[in-house]
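The values are calculated or read from the model by the stated rules, or taken from the named source; none is laboratory data. Quick caveat: nothing in here was measured; it's all calculated off a predicted structure. A quick note on method: Cβ atoms are made from the backbone with ideal geometry, for glycine too, and the neighbour counts reach across all protein chains shown. These area figures cover heavy atoms from the full protein model, side chains too; ligands, DNA and RNA do not enter into them. Shrake-Rupley method; radii C 1.70, N 1.55, O 1.52, S 1.80 Å.
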Amino acid sequence: MARPPLPLLLLALGLAAAAKSPYQQVLQHSRLRGRQHGPNVCAVQKLIGTNRKYFTNCKQWYQRKICGKSTVISYECCPGYEKVPGEKGCPAALPLSNIYETLGVVGSATTQLYSDRSNLRPEIEGPGSFTIFAPSNEAWASLSAETLDSLVSNVNIELLNALRYHMVDKRVLTDDLKHGTTLNSMYQNLPIQIHHYPNGIVTVNCARLLKADHHATNGVVHVIDKVIATTTNTIQQIIETEDSLETLRAAVAASDLNSLLESEGQYTLLAPTNEAFEKIPRETLNRILGDPEALRDLLNHHILKSAMCAEAIIAGLTMETLEGTTLDVGCSGEELTLNGKPIIANKDVLATNGVVHFVNELLIPDSAKTLFELAQESEVSKSTDLFRQAGLSSHLTGSERVTLLAPVNDVFKDGLPVIDSNMRNLLLNHIIKDQLSSKYLYHGQKLQTLGDKELRVFVYRNNLCIENACIAAHDKRGRFGTLFSVDKMLTPPSGSVMDVLKADHRFSTLVAAIQSAGLTENLNRPGTFTVFAPTNEAFRAMPQGELNKLMGNAKELANILKFHVADEILVSGAVSALVRLKSMQGDKLEVSMKNNVIHINKEPVAESDIMATNGVIYAVNSVLQPQASRPQERGDEPADPALEIFKQASALSKVSQRNPRLAPVYSRILARMKENSGGF
């Protein structure tokens, strides 16, 4: 028989390895970490101060933590193997026996004892093919005295039924325990829920598999950490029968979610208790309960798309809700956490269509909040104080579709500005007349404000800006409004570039120069200009003779002024390193950021982002010079090519005197200089 080609063989081996279940992958990693101690030794992480043990994956191995708590590494025989006196590791396979005998070997002697007492022993000693999920000795010991008494005192019928509910009448290994599936138990065919998580943890009705795949002559034994109980209620039925969920019951009914929570599937309900609802301000709660869309978003935010048992959470992970949002589900020691807070009061209440965890705080999604509530919980809380002081709170709490441009708190580190009519009008221009999403904004888009101003959108490689204010954080989309956190107070444009320059006494000389050069019309027309505007101080700093010469030559003056103008709008928030702009004169302008100060051609800018309807202005305290207009080393004389060659030759002559090998080079340069200049 011909052998398959090597690449196909390697591919087949790779696919076989990839087909391993998450549990088997983690077990294999534990084997690798334990192999230095001998064959069939597994590394196990044990939570300090407890008996809880976990096979270790790569991440846990390096972090040495489970649920944020420190662990110690121990080494023990991998499932199915045992030690041999005098030999290293665990070289011997456990003796193959029936299920009853195997229970005593794998740490489930109490299950073995109760199997004998309930008359289950003959069945699990005899022929057949069974799987038993056997509670560990500790699992039985953790049952309350009342529960245990009810199991063992009723002529053993309840105990037998309980044990048969832990059994399946076929051999099922961990590779067969697929996530979200059910197995029919040997007690009235009632279902057992299986969850096999990506982190390698397998749960059976939310009880964790501790030691799996112990083979027996008549089946297989899996040791679990809890005694599991039958479940016949849906999530909806749990809500209806639980007194502490009365408010939730009414909310579910009002939002028509009953059918979903009764349907087949695998959900996790983070069920807010009556206490959780009572913690919410009455006004907020009444608003949400009276708004069907907000209420539905609120409830969907408490429903995860998959069943998540508490035992499967050993580190933080992000879970998606039915609302489309995400929650950070984690753990801290024995406690589960949501978004970092230990608010789960009762966990792992199993239903036929998922699992319920009771929570004692309401998780209100952004989509159910007002703009005011969004802002109060963000880095823009000072802005909301400003809007409230200006009497604009109604726009942040009502049903008006708006977008709020809210400066971050750092903008007001020196205190809030005084509220007057001008400030109130400015704040109205921070409220846009539509509920927007930043990802749909485009360059050049025009936005209308409640203050009747038109704002422009600028899209840059590294930033998204509305006029001079750039978005500093992700959007927060509320019930009716969207919150954009921005990095500065907005400056709405007021007039053309020429209008702005004329209105500012610092630029009177520049205005006269623009008029003299015949550029007034250019800077009044619609456009997208960036103007680096020299102040009066900049012109005074020029030598008087040079200034007089410049002002007396309209063509040269126009050339210099055009060098200060670029035909695209660049606001300061778009400058993170170096940006090059082509001036209207033709040469490049280099705009950079150093120590939080904008520089143009290495000259610091005195003021940034003076917005105009057709551009943006930067005040500069120097007159910028194009490359061709900059003074040469010998006054205003043009550079003489022959002189430049002579300088190079002179420099080389000194070197050639020290190094004879350069003499021929020097001679050739002298010859070129004579040809170009006709002699000296």
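Under 6 Å between Cβ atoms, which residue pairs at least 6 apart in sequence (or on different chains) link something in the stretch 414-433 that is farther than 19 Å from Lys453 by Cα with a partner that is of a type in the set (A, V, I, L, M) and surrounded by 15 or more Cβ atoms within 10 Å (Cβ to Cβ)?
Correct list of pairs: Leu416/Leu386; Pro417/Met423; Ile419/Ala390.
Return a yes/no flag: does the stretch 458-466 have any residue that is buried (at least 18 other Cβ atoms within 10 Å of the Cβ), in contact with a Phe, Trp or Tyr (Cβ under 6 Å, 6 or more places away or on another chain) and assigned by the TED database to the domain that holds Leu374.
The answer is yes; a qualifying residue exists.
Across the stretch 468-477, which residue is farthest from Ile617 (Cα to Cα) among those that are in contact (Cβ under 8 Å) with a residue 60 or more places away in the chain and in contact with a Ser or Thr (Cβ under 6 Å, 6 or more places away or on another chain)? Before the answer, list the steps.
Within the stretch 468-477, the subset in contact (Cβ under 8 Å) with a residue 60 or more places away in the chain is 468-470, 472-473, 476-477.
Retained after the next criterion (residues that are in contact with a Ser or Thr (Cβ under 6 Å, 6 or more places away or on another chain)): 468, 472-473.
Details: Asn468: 11, Ala472: 22, Ala473: 26 Å.
Looking at residues that are in contact (Cβ under 8 Å) with a residue 60 or more places away in the chain and in contact with a Ser or Thr (Cβ under 6 Å, 6 or more places away or on another chain), I get Ala473.
Could you tell me which residue of the stretch 155-175 is most open to solvent (accessible area, probe 1.4 Å), considering only residues that are farther than 17 Å from Ala216 by Cβ and touching a residue at least 60 places away in the same chain (Cβ under 8 Å)?
Asp175
Does the stretch 198-227 hold any residues that are in a loop (DSSP other than H, G, I, E, B) and touching a Cys at 6+ places or on another chain (Cβ under 8 Å), and which are they?
Within the stretch 198-227, the subset in a loop (DSSP other than H, G, I, E, B) is 198-201, 205-206, 217-218, 225-227.
Matches in the stretch 198-227: Cys206, Lys226.
Working carefully through the options Leu269, Leu248, find the one that is touching a strand residue (DSSP E or B) at 6+ places or on another chain (Cβ under 8 Å), assigned to a helix (DSSP H, G or I) and among the hydrophobic types (A, V, I, L, M, F, W, C).
Leu248
Yes or no: Ala628 at pLDDT below 95, open to solvent by less than 70 Å² (accessible area, probe 1.4 Å) and either of a type in the set (Gly, Ala, Ser) or under 23 Å from Leu455 (Cα atoms) (or both)?
Values: at pLDDT below 95: yes; open to solvent by less than 70 Å² (accessible area, probe 1.4 Å): no; either of a type in the set (Gly, Ala, Ser) or under 23 Å from Leu455 (Cα atoms) (or both): yes.
For Ala628, the condition - at pLDDT below 95, open to solvent by less than 70 Å² (accessible area, probe 1.4 Å) and either of a type in the set (Gly, Ala, Ser) or under 23 Å from Leu455 (Cα atoms) (or both) - is not met.
Report whether or not Val152 is assigned by the TED database to the domain that holds Leu210 and under 19 Å from Val220 (Cα atoms).
Numbers: assigned by the TED database to the domain that holds Leu210: yes; under 19 Å from Val220 (Cα atoms): no.
Considered against the rule, which asks whether it is assigned by the TED database to the domain that holds Leu210 and under 19 Å from Val220 (Cα atoms), Val152 comes out as no.
Listed here are the residues, each with its yes/no results for (1) surrounded by fewer than 19 Cβ atoms within 10 Å (Cβ to Cβ); (2) not basic (Lys, Arg).
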| position | (1), (2) |
| --- | --- |
| Ala250 | yes, yes |
| Gln266 | no, yes |
| Arg282 | yes, no |
| Arg296 | no, no |
| Lys305 | yes, no |
| Glu311 | no, yes |
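Would you list the helices (runs of 4 or more DSSP H) that sit entirely within the stretch 364-423 and hold 2 or more residues that are open to solvent by less than 30 Å² (accessible area, probe 1.4 Å)?
Values: elements: 371-376, 381-389, 394-397.
Hits in the stretch 364-423: 371-376, 381-389.
Mind checking which residues of the stretch 221-248 are open to solvent by 40 Å² or more (accessible area, probe 1.4 Å) and not hydroxyl-bearing (Ser, Thr, Tyr)?
Lys226, Ala229, Asn233, Gln237, Glu240, Glu242, Asp243, Glu246
For every residue, the table says whether it meets (1) closer than 21 Å to Thr174 by Cβ; (2) over 32 Å from the mean Cα position of the chain (by Cα); (3) modelled with pLDDT under 90.
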site	(1), (2), (3)
Ala12	no, yes, yes
Cys42	yes, yes, no
Gly49	no, yes, yes
Lys53	yes, no, no
Ile66	yes, no, yes
Thr71	no, no, no
